[in-house]
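Single-structure report; data block below.
The values are calculated or read from the model by the stated rules, or taken from the named source; none is laboratory data. As the structure is a computational prediction, the values presented were derived from the model and not from experiment. Every residue, glycine among them, receives a Cβ derived from its backbone with ideal geometry; neighbour counts consider all protein chains shown.
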Amino acid sequence: MEESDSAAYVQKGKRQERRRLAPVWRAIIETGFILFLFYSNLLMGEFTRSNAAHGRSVILAIVDIFTVTNLAIGTVSALIGFVVVEFLRGKI
């Protein structure tokens with residue numbers, strides 16, 4: 001095997017590895033984006049509610065929304081959203 005053949009073989013292997021990882025990265029990015037939307041919605045609601053009533057700051061609203069319960073709810077919602085979007089992607 002010549003040097004150029006081995007380089008082409010290595011390059012082909014890297015491309016195949018990237019193709020296998022692409023769906024995983026897409027899932028991570030899409031669920032992360034859904035989590036971002038979830039937390040930004042929580043922050044808007046918490047800040048609006050708490051600031052209007054008590055004059056609290058954004059920092060205290062952020063502390064209130066980052067809980068284990070909210071993380072669990074957001075993660076489950078993000079995974080459900082990802083599955084629904086993938087299902088719809090397959091249908092279209």
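Couple of notes before you dig in:
- The listed residue being part of a helix (DSSP H, G or I), over 24 Å from ALA78 (Cα atoms) and at pLDDT below 75, out of ARG15, ARG19: ARG15
- Qualifying residue in segment 56-64 (condition: modelled with pLDDT under 70 and either of a type in the set (A, V, I, L, M) or more than 29 Å from VAL84 (Cβ to Cβ) (or both)): yes
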